[in-house]
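Trainee: One structure coming up, written as structure tokens, with questions to follow.
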């Protein structure tokens, strides 16, 4: 839960996804390296800047599903973008449970 909160904070603070922020970190940018020393900043994919038009109004963070945190975060906001019920993005899991499926990835968000 702590990483999800930090991802949301980072996305909101820098007005970009943490995946894009992590790419800046990987490119060895000295400013980004210094920013990572700030409390709560993290360069791990899974955080999204929540926008209305061009205005960033918040941040969303997902953690706990390595490699698919960001697609899961996008999935959480998809119904608001498409105005459709979230349950249309579910499929039957291996033990009968409902599992969210990201339209950006075939990997279930668990």
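Trainee: Modelling each spin label as a point 7 Å along the Cα-to-Cβ direction, I'd like the residue 24/residue 5 distance in nm, to one decimal.
Mentor: Using points 7 Å along Cα→Cβ, the separation is 2.4 nm.
Trainee: Please rank 23, 74, fewest neighbouring Cβ atoms within 10 Å first, as an exposure proxy.
Mentor: Listing 23, 74 from fewest to most nearby Cβ atoms yields 23, 74.
Computed from the coordinates by the stated procedures, all read-outs in this text should not be read as laboratory data. Because the structure is a prediction, the values reported are computed rather than measured. Cβ sites come from the backbone with ideal geometry, for glycine too, and all protein chains shown count toward neighbours.
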